[in-house]
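These notes concern the structure reproduced below.
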Amino acid sequence: MSENRQGPLERYLSILEIVAASNRSLNLTELSVLMNLPKPTIHRLVGVLQKSGALQSDEGRQRGFHIGRRMWRILQLGRDQRVVANFAQIVCDQLTERIMETCYVVKLGVDAVHTIVRSVPDQGYRLHVFPGEELPAHAAASAKAILAYQDDTVLEKILHEPLVRLTERTTTDISAVKAELELVRQRGYAVCDREIDANIMAYGCPVFLDDAGVLYSIGVTGPCSRLEQQPADFWVQALQDGARQFATLLSAAET
């Protein structure tokens, strides 16, 4: 490869392709040889990729580079959504059978959070979540469970004024919402307590994906009269089990 014959985008993509195909981290010298480009050029290209999160570096004197979280997120978001929905439905169906309430999986979008599947027991509450529905990110437990693990760039796209007041309990101040997201990170789950409907509660737990972070969450919702009969730990433990199962299914499908 020659620098004069390649455009900038092609060089960036070639580096990512070479690093992704390697079974170990590659340092600048190795990349220079493999790309047939001067080391200063490789240093500049890698610096841009590293700054954008597409590459990450190892610690130590012989610093190597491997695929970064930004690329893993792109790969996850670009997966066949029919496969993702099938796995999510399996998890939701099993979880609903276990706790006998409406369960659902949601996904981070470009500027919103959407429900992808749900499962409803015979006596379940049916009117709160629907596949494909955009959730109020400042109020929905499942949305907050995702947003708590995003950077400011993502939050700015999704949380912007005015935040709609849906009930008397809805938080409409962005600073207060962000403070709640910090609490979600600390305890590992989110709550929607009458913030969307005056009679409805929900819990949401993040789905942690290796290298890609949090792009999905799993939630349970129902009338306050039923969900308040159990402590929060009852619902959270079930959701966390489902989140781990979903992450395992997604990971296994990659191999």
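List residues of segment 91-110, by number, whose backbone nitrogen lies under 17 Å from a label position 7 Å along Cα→C-beta of residue 237.
95-101
Please check the chain for the longest run free of GluC sites (Glu not before Pro) that are loop-located per DSSP (anything but H, G, I, E, B) and have at most 10 other Cβ atoms within 10 Å.
60-167
Does segment 126-244 come out rounded, prolate or oblate by the C-alpha gyration tensor, with a ≥ b ≥ c the root eigenvalues, rounded set by a/c under 1.5 and, if not, prolate when a/b is larger than b/c and oblate if not?
Cα axes put segment 126-244 in the oblate bin.
Tell me the carbon and sulfur percent of the accessible area for the chain, rounded to whole percent, probe radius 1.4 Å.
Carbon and sulfur together cover 51 percent of it.
Determine the principal axes of the Cα atoms in segment 57-108, then give the extent along each, sorted from largest to smallest and rounded to whole angstroms.
55, 22, 15
Based on the Cβ-Cβ distance from residue 173 to residue 249, what FRET efficiency comes out when R0 is 41 Å, to the nearest 0.05?
0.60
Give, in nm to one decimal, the length gained when the segment between residue 83 and residue 122 is fully stretched (0.36 nm per residue of separation minus the Cα-Cα distance).
Length gained, residue 83 through residue 122: 11.5 nm.
Accessible area, 1.4 Å probe, largest first: how do 157, 144, 51 sort?
51, 157, 144
Can you bin segment 76-172 into rounded, prolate or oblate? Criterion: square roots of the alpha carbon gyration tensor eigenvalues sorted a ≥ b ≥ c, rounded for a/c under 1.5, prolate for a/b above b/c, oblate for the rest.
oblate
Taking 0.36 nm per intervening residue step and subtracting the Cα-Cα distance, what contour gain separates residue 198 from residue 9 on full extension?
That works out to 62.9 nm of additional length.
With the cut-off at 1.5 for a/c, could you classify the chain from its C-alpha gyration tensor as rounded, prolate or oblate?
Note, shape of the chain comes out prolate.
Which ³J(HN,Hα) values in Hz, rounded to whole numbers, follow from the phi angles of segment 25-37 under the Karplus curve 6.51 cos²θ - 1.76 cosθ + 1.60, where θ = phi - 60° and Gly and Pro get x?
3J(HN,Hα) across segment 25-37, in whole Hz: 5, 10, 8, 4, 4, 5, 5, 4, 5, 5, 8, 6, 10.
From the backbone phi of segment 105-121, what are the Karplus-calculated ³J(HN,Hα) couplings (6.51 cos²θ - 1.76 cosθ + 1.60, θ = phi - 60°) in whole Hz, Gly and Pro given as x?
Result, rounded to whole Hz: 10, 10, 10, 6, x, 5, 9, 6, 10, 10, 6, 10, 8, 8, 9, 10, x.
Cut-off 20 Å, label point 7 angstrom out along Cα-to-Cβ of residue 114: give me the residues of segment 144-158 whose amide nitrogen falls inside.
144-148, 150, 154-158
Label points 7 Å out from Cα along the Cβ direction at residue 186 and residue 210: separation in nm?
Using points 7 Å along Cα→Cβ, the separation is 3.2 nm.
List the relative contact order of the chain as a percent without decimals, with contacts defined as Cα pairs under 8 Å and 6+ residues apart.
Once normalised by length, the contact order is 15 percent.
Under a 5 Å amide H to amide H cut-off, with H placed in plane at 1.01 Å, what residues pair with residue 116 once short-range neighbours are removed?
Distant-sequence amide H within range of residue 116: 105, 106, 107, 132.
The values are calculated or read from the model by the stated rules, or taken from the named source; none is laboratory data. Owing to the predicted nature of the structure, the values given are computational and were not obtained by experimental measurement. Here the Cβ is made from the backbone with ideal geometry for all residues, glycine too, and neighbour counts use every protein chain on show. Side chains are part of the model used for accessible areas, which takes the heavy atoms of the whole protein and leaves out ligands, DNA and RNA. Shrake-Rupley method; radii C 1.70, N 1.55, O 1.52, S 1.80 Å.
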